[in-house]
């Protein structure tokens, strides 16, 4: 799974793959599912001391974590555009000041 991808797509693909494979126990499924998770999800799973006993529990938890991650990314977008907007305004005013100073120097004296 790609680092910025959605866990829901990974879960869909994983379930599809597992449906074609026989003889995998719950622990093997959990192990293989975890191996494909992005580090941002694995990092959030690591501090939890409780042991996850079923693949479905792990999928539910990772889906919640991923949903919150993407919500937070959306929340950050307006913050980033505000920051970029003020930076652009500062750059423009700086450029305009330089242009005015240049024009003052270029005026012919009468």
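Since every read-out is calculated from the coordinates, none of them should be taken as a lab result. Nothing here was measured: the structure is a model prediction, and the numbers come from that model. Please note: Cβ atoms are built from the backbone with ideal geometry, for glycine as well, and neighbour counts cover all protein chains shown.
Quick notes on this structure:
- Over the Cα atoms of segment 1-76, the radius of gyration divided by the Kirkwood radius equals 0.98; this is the Rg/Rh ratio.
- Each label point was placed 7 Å from the Cα along the Cα-to-Cβ direction; for residue 40 and residue 20 their separation is 2.8 nm.
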